[in-house]
Amino acid sequence: MLIFGGVKKVNAGPLTYRVAGEKVSIVGCDKNASGELVIPSTYKEKPVTSIGPSAFSSCSSLTSVTIPESVTSIGKKAFAHCSSLTSVRISESVTSIGDLAFYDSVSLTSVTIPDS
């Protein structure tokens, strides 16, 4: 689906991507996705550089998420209302985490962030 100016929104597996030039953002996730999720570092040979606002909001069956080195930003409310999410591993390349990124993720007990 072409949105505008060469920006495409595509579904692949449980994730929905927005491709803009050479950069890729995750903008959505199938609400039925469950278990452990390792976010891919590339999509169609382009780097996944961001997780958009509310991208995983209300994915209530996800239990853990690993964010790759390619990602530099996590949007506002990206993982809000993920009631089964217990652990998140954030790479050191993430320089921006939006407000309320993990809001109401009541089971979250472990967030791993590199020392740097």
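The values are calculated or read from the model by the stated rules, or taken from the named source; none is laboratory data. Keep in mind it's a predicted model, so treat the numbers as computed, not measured. Because the Cβ atoms are built from the backbone with ideal geometry, glycine has one as well, and the counts that use them run over all protein chains shown. Accessible surface areas use protein heavy atoms only, side chains included; no ligands, DNA or RNA. Shrake-Rupley method; radii C 1.70, N 1.55, O 1.52, S 1.80 Å.
Numbers below:
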quantity: Qualifying positions in the range 67-76 - under 13 Å from Pro53 (Cα atoms) and of a type outside the set (Lys, Arg); calculated: Ser73, Ile74, Gly75
quantity: Pair list, Cβ < 8 Å and 6+ apart or interchain, from the range 94-116 residues that are at positive phi to residues that are charged (D, E, K, R) and in a loop (DSSP other than H, G, I, E, B); calculated: Leu100/Lys76; Leu100/Lys77
quantity: Residue match in the range 30-39 (condition: basic (Lys, Arg) and either surrounded by 19 or more Cβ atoms within 10 Å (Cβ to Cβ) or more than 19 Å from Asp104 (Cα to Cα) (or both)); calculated: no
quantity: Residues satisfying the stated conditions in the range 93-116, i.e. among the charged types (D, E, K, R) and either surrounded by 15 or more Cβ atoms within 10 Å (Cβ to Cβ) or modelled with pLDDT of 95 or more (or both); calculated: Asp99, Asp104
quantity: When residues of the range 47-76 are limited to those that are aliphatic (A, V, I, L, M) and not in a loop (DSSP other than H, G, I, E, B), the one nearest to Val19 (Cα to Cα); calculated: Val48
quantity: Residue that is nearest to Ser50 (Cα to Cα) [pool: residues in the range 77-103 that are part of a strand (DSSP E or B) and hydrophobic (A, V, I, L, M, F, W, C)]; calculated: Ile97
quantity: Qualifying positions in the range 57-66 - closer than 11 Å to Ile39 by Cα and crowded, with 20+ Cβ neighbours inside 10 Å; calculated: Val65
quantity: Unique residue being assigned to a strand (DSSP E or B) and hydrophobic (A, V, I, L, M, F, W, C) when the list is Val106, Val24; calculated: Val24
quantity: Unique match (being among the basic types (Lys, Arg), open to solvent by 10 Å² or more (accessible area, probe 1.4 Å) and under 10 Å from Ala101 (Cα atoms)) among Lys46, Lys76; calculated: Lys76
quantity: Flag if Ser54 is at positive phi, at pLDDT 95 or above and open to solvent by 20 Å² or more (accessible area, probe 1.4 Å); calculated: yes
